[in-house]
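The following block contains the structure, expressed as structure tokens.
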Amino acid sequence: MNNKNKITLALNPTAISILAFSLFAIIFASGYVLTNVTTSSDIQQFLPANSAQQTEQPIDKVSILKAINETNNGLFLLAIKGGDATGRATASKKLRKQILKTKSFVFVNNGKARLPLKDKKILNHYRYLLTDSNDTQQRFTIENLHKALQQRYQELLTPFGSMVKKSLRNDPTAELQNILKNTQASGQPKKSHSVWVSKDTKMALLVAAINVNGMDINQQQTAITQINNAFDKVKTTGLQLLITGPGVFAVQARKKIKADSQRISIMASIAVMLLILLAFRSLWLVVLAGLPLFVAVLSGVLFTHLIFNDLQGITLAFGLTLIGVALDYPVHVFSHLQQNQTVKQSVEKIWTTLRLGVITTCLGFFALTLTSFNGLAQLGVMAISGLLAAALLTRFVIPILTDIKKPAVVTVPTWIQKLSRLKINLNLTSIAVSIAVISTLFVLYPIQWESDLAKLSPVSLEQINIDNKLRQQLQTDDLLNVTVLRGSSADDVLIKTKQLDSFFNSLIKQKYIHAYRAAYQLLPDTKTQLTRQQLLPSTEQLNKRLQQAVVNTAFKASTFQPFIKDIQQSKQLSPLTPESLNGSLYGQQLASLLF
């Protein structure tokens, strides 16, 4: 009964309010962090936010790189190896169908070059405004129409004749095929058994894409799981699946960072808690000493996420190290406890000194928040918010918790007292010898400074090699240099990039570059679209020309009435804009080149 009275006296209304508020805050913050916070592995966050030369309107290089990278985040490169050629080809065809059933993927290609339905409708509808023909008027002369019909007839005789037959009535000049061919800066992989294969034909290749919002690692993880599940349904004995792409890198990096951080944190925490237990010989004080550290980490992660809407994995790893100083706060309090003195009195006694230490430490980390490196700014916010939370908890909550369950009398062990009183006499000779030894060690074992940022990546070398190999096999673009043109509008930029067409083609001829990608290759400017539209022939003109163009061919003019109808519909269209391509794979490609 007396014990109950003591607890009642300790927990006065103010103490109860502080405890209730603290408990609610910890539970709410923990729930929010667990359900909303994920780590990012984008190393660009440790590059300056604006590293361009200072001009009137500086170009944000990091934003450009992010825009390019984000459009490729949903791209997955797949390879099936093992088994025989027929088995790999069959598995490739089945895998494509299984992946598309998930509805998460907007595009899966293994050599059949089938576009998503939305893309196909847009390109087919606007094909006469998007065609790269330099002279639309000449394209529909009698002579050129006759040549196009003869070419389509030859294609009908090939093994791919059935595909040509489907589009012949609407598109005898193969405008859609021409558009698709010119949007590819690189070639196509080798084919065998109607699917893409590697150069040595030992792997079947596929490309899959999801419509991802930025670097949504959870969405990437779901997509990878769906790919693996789809492969499990179609694979036969001996077949293996390789997956790579930005999403795979991000998922692997997050997994490794998380695992390493957890392992190191657990090991360090156990070691520190054992040391505290050995020093203070009270399990309750060990729990109380760990509480400010837990709150510091929780607060740091929460505020960093709220301010930046993101948390870099490297920031989390380094932040845990910096926030570790929060463990010192309760240790200082317990170390200053004296006989017949409460923890509250001990806190009040050292609070002025402790508060000064917290403030100076936070001011030091505040400098990080002012840098142009987003990752370092996150590190500063995480450290400051974490240490402030730990200090406040030590000041106001720890004394209350010790009153609830009073620990045994805390006395610093004799061996620690002796160690602290140990005097080391330093004279000129010992200092000189120490400097000489240290200098010799530096000469014999010099520090190897690493300047390669790629070494900071947690992605395994094996996965990087797989990615390089599949990119070479699939002949995907390898963008080594980026040229930026600014304009007053999207149209202005499209016009300027088109003007550089001859220059970049000359670089290709001189073998300075292999290929290039530009926004105008995907979307002509409004003026160009309107000009092409005006040059399209009328129904009467096209009918007359077709009557003469079909002479000495296997076709009849009446066969191409759908073609004539599409031409007239094209004359009524409003020009295609970047906004109207949103949500399509074609628009996703354009977004990396025009923003």
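The values are calculated or read from the model by the stated rules, or taken from the named source; none is laboratory data. Bear in mind the structure is a predicted one, so any value in this text is a computation, not a measurement. A quick note on method: Cβ atoms are made from the backbone with ideal geometry, for glycine too, and the neighbour counts reach across all protein chains shown. Accessible surface areas use protein heavy atoms only, side chains included; no ligands, DNA or RNA. Shrake-Rupley method; radii C 1.70, N 1.55, O 1.52, S 1.80 Å.
Hey, if we sort W351, W449 by accessible area with the 1.4 Å probe, largest down, what's the order?
Reading off the accessible areas and sorting them downward yields W449, W351.
Quick check: with the 1.4 Å probe, what order do L115, L370, L306, L523 take by accessible area, largest first?
Order by accessible area, largest first: L370, L306, L115, L523.
Expected output is a single nm value to one decimal: the length gained when fully extending between K258 and Q138, i.e. 0.36 nm times separation in residues minus the C-alpha distance. What is it?
Computed gain between K258 and Q138 is 37.0 nm.
Oh, and also: Pop out the ³J(HN,Hα) list for region 536-547 in order, Karplus 6.51 cos²θ - 1.76 cosθ + 1.60 with θ = phi - 60°, rounded to Hz; leave Gly and Pro as x.
5, x, 6, 4, 5, 4, 5, 4, 5, 5, 5, 4
I need the peptides 561-567, 205-211 ranked by packing, meaning the mean over residues of other C-beta atoms within 10 angstrom, with the highest value on top.
Listed from highest to lowest mean packing, they are 205-211, 561-567.
Mind jotting down the distance between the C-alpha centroids of region 290-352 and region 256-286, whole Å?
Measuring centre to centre over Cα atoms gives 14 Å.
Let me ask something else about it. If each Cα of region 268-355 is one equal point scatterer, what is log10 of I(q)/I(0) from the Debye formula at q = 0.18 Å⁻¹?
-0.85
For Q548 and T414, calculate 0.36 nm times their separation in residues minus their Cα-Cα distance, and state this gained length in nm to one decimal.
Gain in length upon complete extension: 37.2 nm.
Also, I was wondering about something else. Going 7 Å from the Cα of F21 along its beta-carbon direction, which residues of region 324-361 have the amide nitrogen within less than 19 Å of the resulting point?
Those under the cut-off are 344, 348.
Would you kindly derive the ³J(HN,Hα) couplings of region 356-373 from the backbone phi angles with the Karplus curve 6.51 cos²θ - 1.76 cosθ + 1.60 (θ = phi - 60°), listing them in order in whole Hz, with x for Gly and Pro?
Computed from phi, the couplings for region 356-373 are 4, x, 5, 5, 5, 5, 5, 5, x, 6, 4, 4, 5, 5, 8, 6, 8, 8 Hz.
Consider a paramagnetic label point 7 Å from the Cα of K165 along Cα→Cβ; state which residues of region 537-574 have an amide N under 16 Å from it.
554-556
Order the following by accessible area, largest value first: L388, L363. Probe radius 1.4 Å; ligands, DNA and RNA are ignored.
L363, L388
Please find the FRET efficiency linking Q448 to I266, where r is the Cβ-Cβ separation and R0 is fixed at 35 Å, and quote it to the nearest 0.05.
0.70
How many nm separate the modelled label positions at T14 and I438, each set 7 Å beyond the Cα in the direction of the Cβ?
4.8 nm
Using a 10 Å cut-off on Cβ atoms, rank the peptides 97-105, 584-592 from the highest mean neighbour count down.
The packing order, highest mean first, is 584-592, 97-105.
Now a separate question. Taking 0.36 nm per residue of sequence separation and subtracting the Cα-Cα distance, how much length would be gained by fully extending the chain between K112 and T352, in nm to one decimal?
The K112-T352 span can extend by a further 79.1 nm.
Still on this structure, I have one more. Leaving ligands, DNA and RNA out of it, report the carbon-plus-sulfur percent of the accessible area of region 273-389 at a 1.4 Å probe.
70 percent
Using the Karplus equation 6.51 cos²θ - 1.76 cosθ + 1.60 (θ = phi - 60°), what ³J(HN,Hα) coupling, rounded to whole Hz, does each residue of region 379-388 give in order, writing x for Gly and Pro?
Each residue's phi maps through the Karplus curve to give 4, x, 5, 4, 5, 5, 5, x, 5, 5 Hz.
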